[in-house]
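> Structure incoming, see below.
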Ligand code: GDP
C-alpha cells in the first residue's frame, strides 16, 4: 500500500523540527508531496497542479508557517479543499416526472447495465418506486439478456423489443408501456462502445431528444484513471448530463478520477459502484472520497 499523505507530511515536517522556523520553501516542498499524492491517486496532472496552487494560497493565508502542528494543519487544508471541490455535500437523483425517466450513458464495460439494475433496486427499496428497466442496446443481444437476468434477480420487469434496431422507438414505447402499467420509474440502459464514436453519440443524443429524461447519468469506470476525464468531457459536451456514477471503486484505485471529473465537467458525482453485486451501490460522499484520495 501507499504511505498516506498524512504520514508523509508528518514525516517531512518532523525532519524540519530543530531547524528553527518553517519557511515558505518548506511549504513548497510539502506541496510537492501533496501533488505526488494526488498523482498517485490518478488525479489528472493539470488538475493536481492547479489544486496545489490553491492549497498554497490557503496555507499561507492560514499561517501554516506558525502553526504548532503544521503537518496536520496542511492535511486539513488539503482535505477540506478536496471535499469542497468535489461538491461538499451529496446530491440526490432527480425523481420528478411521472414516470421519472432516467437515461444511462457511458462506454461499454463501464458498468452501465449493472448500475441500471443497482439503481432500480435502490429506488425500489429506498423510495418505494415501481421501476421498469429498458434494454436499448440494439447491437448486443447479450446486453439485453444481461439486463433480463438482473431484472429477474430484483423482481423488476425489463422492456425490450427483439429485432427492433431503433433505440428511439424502443425508449418511447417503453415509456408508453410504463404509463399504461402504472410504473413510475423508467431506467433506460443504452448501447456503449469501447471508445467514443460519432454514431454512438448521435444515437444517444437522439434518444435524449425523443424522451426528454428527468435525469441523465453518465457511468464511468474509476479504474480508467486519466482517460475517465476525456470520456466525461465528450459525453457532457454532447448530452449535458446531470450526474456521474463512478464504478469499480472496490478496486485498488484511490479514486482521483472523482476530483478530475468534477473539476472538468462541473457535474456532481451521485453514486459509486463498489462491487458486482446488486447491493454494491453507495451514495457519493465528498468527505469520504477526500479521505480515500489522501489515503
Ligand atoms: P456496461 O457494458 O457498461 O453495461 O457494463 P456492465 O454492467 O456489463 O459491467 C462490465 C463488467 O464490470 C461486468 O463484469 C460487471 O460485473 C463489472 N462491474 C460493474 N460495476 C462494478 C463495480 O462497481 N465493481 C466491480 N468490481 N465490477 C463491476
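> How many residues are out of contact with any helix residue (DSSP H, G or I) (no Cβ under 7 Å at 6 or more places or on another chain) and either over 17 Å from residue 75 (Cα atoms) or at pLDDT 70 or above (or both) if we restrict to the stretch 1-20?
Of the residues in that region, 7 qualify.
> Does residue 250 satisfy the condition of being surrounded by fewer than 19 Cβ atoms within 10 Å (Cβ to Cβ), at pLDDT 90 or above and within 16 Å of the ligand (Cβ to nearest atom)?
In short, yes.
> Could I ask something else about it? Please give the strands (runs of 3 or more DSSP E) falling wholly within the stretch 229-293 in which 3 or more residues are touching a helix residue (DSSP H, G or I) at 6+ places or on another chain (Cβ under 7 Å).
Passing ranges, in order: 243-247.
> Pull up the stretch 92-110, narrow it to residues that are within 20 Å of residue 205 (Cβ to Cβ) and within 15 Å of the ligand (Cβ to nearest atom), then point me to the one that is surrounded by the fewest Cβ atoms within 10 Å (Cβ to Cβ).
108
> Could you tell me whether residue 181 is out of contact with any strand residue (DSSP E or B) (no Cβ under 6 Å at 6 or more places or on another chain) and either surrounded by 14 or more Cβ atoms within 10 Å (Cβ to Cβ) or closer than 19 Å to residue 245 by Cα (or both)? Write out each step before concluding.
Numbers: out of contact with any strand residue (DSSP E or B) (no Cβ under 6 Å at 6 or more places or on another chain): yes; either surrounded by 14 or more Cβ atoms within 10 Å (Cβ to Cβ) or closer than 19 Å to residue 245 by Cα (or both): no.
Considered against the rule, which asks whether it is out of contact with any strand residue (DSSP E or B) (no Cβ under 6 Å at 6 or more places or on another chain) and either surrounded by 14 or more Cβ atoms within 10 Å (Cβ to Cβ) or closer than 19 Å to residue 245 by Cα (or both), residue 181 comes out as no.
> Something else: Inside the stretch 28-72, can you point out the residues that are assigned to a helix (DSSP H, G or I), in contact with a helix residue (DSSP H, G or I) (Cβ under 8 Å, 6 or more places away or on another chain) and more than 28 Å from residue 229 (Cβ to Cβ)?
Scanning the stretch 28-72 gives 60, 64, 65, 70, 71, 72.
> May I ask you to verify whether residue 184 is modelled with pLDDT of 95 or more, more than 16 Å from the ligand (Cβ to nearest atom) and under 29 Å from residue 279 (Cα atoms)?
On the way: modelled with pLDDT of 95 or more: yes; more than 16 Å from the ligand (Cβ to nearest atom): yes; under 29 Å from residue 279 (Cα atoms): yes.
So residue 184 passes the test.
The values are calculated or read from the model by the stated rules, or taken from the named source; none is laboratory data. These figures come from a predicted structure and were not determined experimentally. No Cβ is skipped: glycine too gets one built from the backbone with ideal geometry, and neighbour counts run over all protein chains shown.
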